[in-house]
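One structure is given below, encoded as structure tokens.
The values are calculated or read from the model by the stated rules, or taken from the named source; none is laboratory data. The structure presented is a predicted model; accordingly, all values stated were derived computationally and were not measured. Note that we place each Cβ from the backbone using ideal geometry, even for glycine, and neighbour counts take in every protein chain shown. Please note that ligands, DNA and RNA were not included when accessible areas were found on the heavy atoms of the full protein model with its side chains. Shrake-Rupley method; radii C 1.70, N 1.55, O 1.52, S 1.80 Å.
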Amino acid sequence: MLVLRSFAVWCLLASDLQFFATALETCKTAWFDEHNVSIDGDSELLSDLRMKHWSRICSSPVDMEAQTVSGIKSQHTGTTFHTYSASEGLLCLNSEQKGRQCDNFKVMFTCTGQFCSECRTRWFDHDDPTRNGDYEVLSDLLKIYPREICPRPIAIEVQTISGEPAANTSDTFLNYDATYGFACVNADQRSGSCDDYRVRFTCPKEFCQVSKQCRTQWLNSDDPSEEGDVESILKLLKTFPGQVCRNPISIEAKTTDGISAENTGDNYLSYNVAFGFACINEKQRNKRCEDYQVILTCPSDFCQGCRTRWFNKDDPTKRGDYETVLQLLMLYPSQVCSQPVAIEAMTVSGVPAHKTGDIFQIYDAARGFACVNAEQPGGRRCQDYKVRFTCPLAFCSV
């Protein structure tokens, strides 16, 4: 009995330790600069910032950093602050300065708990601290992992590849914020070289709610010309009216032969949801751009116009799980449109497809969904999936 009681106490302690470990995980927000220097001074108060950026700043920050917009740290400016704290923000009054006026400051907050973990990416380690240093820049990571990172993260965490938080190292950082990413320059270090770092980002909740989002079909609006191949959002909207959302959450590109854009060796002028995809011939080494197609992930409101019910025709038996448009049209000719504009997939238990770890052979609105057992890592079988489609509005009005 004593052993069981001791074990129960140990379990409770372990649970508490895990809770506190999660709660103490911290992340840094982007920089905020909302108030230009006025006759009175400069104000970056937390209450004001949260009124405008409530989803991008936690309600109870545990720390705050401030520097001038030109990059000088607040403690090196000689400024007297009327207010300077994580709980209130920054307030600098010209009347309290000696023979000078307040600088124009920007502030960054450190958050903890659910704000950091609610919609968090995996860790990324794209660069090694080679000649110049270690650079984990958001713009570079978005090009390499366009589906895994949101274009505007709300927070960032950095640690060495061994798991040591960046703040605990002796390195000095050139950049460390959610909108830029991370940069450590070897020349700035006393040791002469930076550690090897990895980063992960916190994204808006909408980015993780893939079960309430949808993927378009593969779209190809351009053929490679003398200039290259461009699949811009604007051109896609014109070429495929009603099939493309105006504010996509993520974009994926591959050649018409099915080769992922990351594996072609091409250099991209653009690969993001703001513009779309662009490959320019003159940027390539002794080759022309491939012929590309793109698929977009859209917000939930794009899928709610004319949406079917959920379908689960197949079970993951010998080969895998197949929920194709052709099969469903044969079984339910009046319930599925022949040309869906978007598709959603999740397991029958409600887990979004992208969170299962399965590899999908097909996952687009034109063809449907297919998960093949033989393509799964570790010899495991596919989950049992269900799908639903978004159809043109005319389909629902019939």
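Where strands (runs of 3 or more DSSP E) sit wholly within segment 255-336, those with at least 3 residues that are modelled with pLDDT of 85 or more occupy 276-280, 292-298, 320-324. Scan PHE173, PHE182 and give me the residue that is modelled with pLDDT of 90 or more, within 20 Å of SER117 (Cβ to Cβ), open to solvent by less than 60 Å² (accessible area, probe 1.4 Å) and not polar (S, T, N, Q). Answer to the selection: PHE182. Looking at (1) at pLDDT 75 or above; (2) surrounded by 10 or more Cβ atoms within 10 Å (Cβ to Cβ); (3) not small (Gly, Ala, Ser), which is the only condition ILE39 fails? It is condition (2) that ILE39 fails.
The set of residues in segment 358-398 that are part of a loop (DSSP other than H, G, I, E, B), closer than 21 Å to THR216 by Cα and out of contact with any Asp or Glu (no Cβ under 8 Å at 6 or more places or on another chain) comprises ASP358, PHE360, ALA365, ALA366, ARG367, CYS391, PRO392. What residue, among those in segment 240-254 that are in a loop (DSSP other than H, G, I, E, B), touching a residue at least 24 places away in the same chain (Cβ under 8 Å) and closer than 20 Å to ILE149 by Cα, is nearest to the chain's Cα centre (by Cα)? So the residue we want is ILE249. Number of residues in segment 188-247 that are at positive phi and out of contact with any strand residue (DSSP E or B) (no Cβ under 9 Å at 6 or more places or on another chain): the value is 2.
Here's the yes/no breakdown for (1) closer than 21 Å to CYS203 by Cβ; (2) open to solvent by less than 80 Å² (accessible area, probe 1.4 Å); (3) more than 20 Å from the chain's Cα centre (by Cα); (4) among the basic types (Lys, Arg):
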residue: GLU44; (1), (2), (3), (4): no, yes, yes, no
residue: LYS52; (1), (2), (3), (4): yes, no, yes, yes
residue: ASP63; (1), (2), (3), (4): no, yes, yes, no
residue: GLU96; (1), (2), (3), (4): no, yes, yes, no
residue: MET108; (1), (2), (3), (4): yes, yes, no, no
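Just to be sure, is GLU231 more than 14 Å from the chain's Cα centre (by Cα), under 19 Å from CYS289 (Cβ atoms) and assigned to a strand (DSSP E or B)? Walk me through it before giving the result.
On the way: more than 14 Å from the chain's Cα centre (by Cα): yes; under 19 Å from CYS289 (Cβ atoms): yes; assigned to a strand (DSSP E or B): yes.
So GLU231 passes the test.
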